[in-house]
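What follows is a set of notes on a single structure, which appears directly below.
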Amino acid sequence: MPSKPSPQRSLFESERSFRLLVEGVSDYAIFMLDPTGTVTSWNTGAERIKGYKAHEIIGQHFSQFYSPEDRAAGMPDRSLETARSKGKFEAEGWRVRKDGSKFFASVVIDAIYEHGELIGFAKITRDITERQKAQAALAESESQFRMLLSGVVDYALYMLDPTGIVTNWNIGGQRIKGYAPEEIIGQHFSRFYTPADRAAGRPARALEQTIEHGRYEEEGWRVRKDGTFFWASVVIDRITDPDGKLLGFAKITRDITERHEAQQRLERVQQQLAESQKFDALGQLTGGIAHDFNNLLMIISGHLHTLKRLAGDDVRAMRAVQAIDTASQRGASLTNQLLTFARRQRVNPQAIDLAERIHSVREVLDTGLGSNVHLNVEIEQNVWPVTVDVTEFETALINLLINARDAMPNGGIVLVSAKNVRLDEDNHKGDHVAISVEDSGVGIPQDVIAKVFDPFFTTKAVGKGTGLGLSQVHGFAHQAGGTVTLQSELGQGTRFTILLPRGAAAASSRESDGADEKIGISGTVLLVEDNPDVAGASAGLLEQLGYAVRWVSDAEAALKAIERDSIDLVLSDIVMPGKMDGLGLARAIRQKRPNLPVLLATGYSEAAQTARADFAILKKPYQIYDLSRALAEIAR
């Protein structure tokens with residue numbers, strides 16, 4: 001049985017193992033100093049870190065590991081004194097290798113006592129240069145990041161604690177929201193919300209959703225320190241530690257009021273474009289229908305004078321003729337409204353005095369409204385004149401009054417007003433006159449407002465309206481270079497406002513709009529009309545006026561007839577088949593026979609819009625006095 005080692009032997013082996021352990025450590029410089037600071041031992045780690053071999057450094061004072069500046073400042077002595085008095089000294093700082101290069105060291109010095117007497121110091125040094133560089137780089141990065149956040153002026157960047165309290169603030173937050181750091185740090189972020197949003201609990205919901213989903217984004221109105229509103233883009237991010245514990249929130253806010261307003265303007269333009277395209281398509285359809293319908297009405301109205309002569313004193317026959325005449329005029333009125341809506345009606349614009357014109361038709365308006373509706377008229381003093389077709393303006397005004405009356409089945413008040421305004425919108429800028437018709441009626445539902453100007457749309461009972469009244473208002477306003485707006489709320493009434501550009505000074509409108517029939521003019525009229533029925537009706541009217549009539553069906557035949565026969569006047573339809581329409585014919589006649597009067601007639605034609613300045617145009621269906629007046633004017 002082997003003998004048990006003696007205590008002395010065991011202690012020796014333990015000390016030997018410890019020395020081998022210390023000498024074998026390469027990541028730490030572990031060595032002993034005597035009470036004066038002289039190196040008395042050295043390990044492999046010390047040789048690797050500091051560059052000295054054992055025989056080069058043992059017996060040397062440890063202060064040579066310090067930089068000259070630290071030695072001059074007495075740092076080696078203070079470190080030993082601290083270890084002596086407190087038992088330990090710890091520090092981090094720059095140290096010097098044998099080759100003069102520096103490294104950043106973590107240093108621990110322990111005082112060693114034996115039987116209460118200081119026998120030296122144990123010194124452990126570790127090279128932490130890489131860690132120090134990483135920490136310095138991190139500190140620099142954090143510093144630069146703080147500088148970046150502090151310098152950003154276009155974004156409000158700040159932190160919230162888990163309860164929503166503002167914990168820091170940047171210059172962007174101050175610029176956008178108006179608060180200085182000392183005014184807002186420590187305050188709850190809900191003060192940036194509108195009172196309505198706070199009452200609805202939106203700030204709390206924003207933080208709840210951020211906690212649940214990690215991020216919250218929205219756009220909405222926010223409030224500055226001075227109480228003004230701005231449209232904000234908001235992002236809130238959840239901030240947690242590595243264990244997932246909530247530390248707070250990072251909040252980014254940007255003022256995008258200008259972008260929001262630009263987007264709203266774009267949406268309005270797109271809406272206006274869509275509306276314009278819709279009305280243009282409807283206008284193409286209604287314009288074409290109106291043209292064909294006017295030709296039919298021309299045939300009816302053109303033969304009425306013949307029927308009246310044939311009826312003589314027969315009462316029943318005259319009643320029938322009168323009924324046909326009334327229906328014909330009603331049909332003509334409907335087609336006029338269609339053409340006005342389509343903006344294809346031939347108009348005769350003139351500068352008018354609004355106050356004079358509105359007061360001149362007030363008696364008609366009062367009669368049309370009935371006894372249980374009270375009409376008030378408020379015209380601003382010195383209201384500007386506008387340039388409009390008088391008939392179309394009065395028709396639009398009457399249509400709005402009728403619409404207001406029908407919105408008040410139990411009676412009420414209608415206010416007609418006119419005032420000067422200055423617009424600064426995308427499509428309408430400058431001086432305008434606002435003519436408003438406001439009622440105290442039932443109002444219009446929001447889902448109906450977008451449709452009220454559509455032709456044939458009506459909420460009235462069958463037989464109570466054509467659905468063309470507001471369409472005519474819309475067409476009139478736009479054809480006059482303006483627009484029409486609508487504000488309405490259920491139970492609060494409705495206000496229509498026609499906005500018309502300011503016109504030149506108006507002449508007095510108190511002039512006779514009538515004209516006496518001028519019958520008995522002699523001469524030969526060349527009638528150019530492709531529709532034989534319309535030609536027959538027109539020829540009958542011309543003959544009743546005392547003219548001889550030559551009829552041809554196209555422009556080419558008309559030019560030949562002018563060269564061959566003695567023609568005193570030309571009455572031509574504008575829309576005709578063939579290579580040349582009525583406008584082309586009129587221009588050709590002007591070149592060949594500049595003194596030959598030409599009168600153009602049409603139920604509707606795009607060409608009539610450009611021809612109005614060059615040639616007289618008679619609108620179909622026309623009565624005998626319309627034809628007489630038009631022929632008399634061109635013959636002058």
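By a 1.4 Å probe calculation restricted to protein chains, Val433 has an accessible surface near 0 Å², given to the nearest 10.
Arrange the residues Ile185, Ile30 by how much accessible surface each exposes, largest first, with a 1.4 angstrom probe. The partial results should precede the final answer.
Working: Ile185 75, Ile30 45 Å².
Ranked list, largest accessible area first: Ile185, Ile30.
Structure note, pairs Lys50/Lys88; Lys225/Lys245; Lys98/Lys133; Lys88/Lys245; Lys592/Lys619; Lys225/Lys429: Cα-Cα distances above 31 angstrom occur for Lys225/Lys245; Lys88/Lys245; Lys225/Lys429.
Comparing Cα centroids, the stretch 372-395 and the stretch 94-125 end up 103 angstrom apart.
The largest accessible area among Tyr179, Tyr155, Tyr113 belongs to the first residue in Tyr113, Tyr155, Tyr179, and the rest follow in falling order (1.4 Å probe, all chains).
How much solvent-accessible surface does Lys592 expose, in Å² to the nearest 10, with a 1.4 Å probe and all protein chains in place? Only protein atoms counted, so the area is about 120 Å².
Packing here is the average count of other Cβ atoms within 10 Å per residue, and on that basis the peptides 227-233, 194-200, highest first, run 227-233, 194-200. For the stretch 43-74 versus the stretch 176-245, the spacing of their alpha-carbon centroids is 58 Å.
The values are calculated or read from the model by the stated rules, or taken from the named source; none is laboratory data. Because the structure is predicted, anything quoted here is derived from the model rather than measured. A quick note on method: Cβ atoms are made from the backbone with ideal geometry, for glycine too, and the neighbour counts reach across all protein chains shown. In case anyone asks, the SASA skips ligands and DNA or RNA and just uses the protein heavy atoms, side chains included. Shrake-Rupley method; radii C 1.70, N 1.55, O 1.52, S 1.80 Å.
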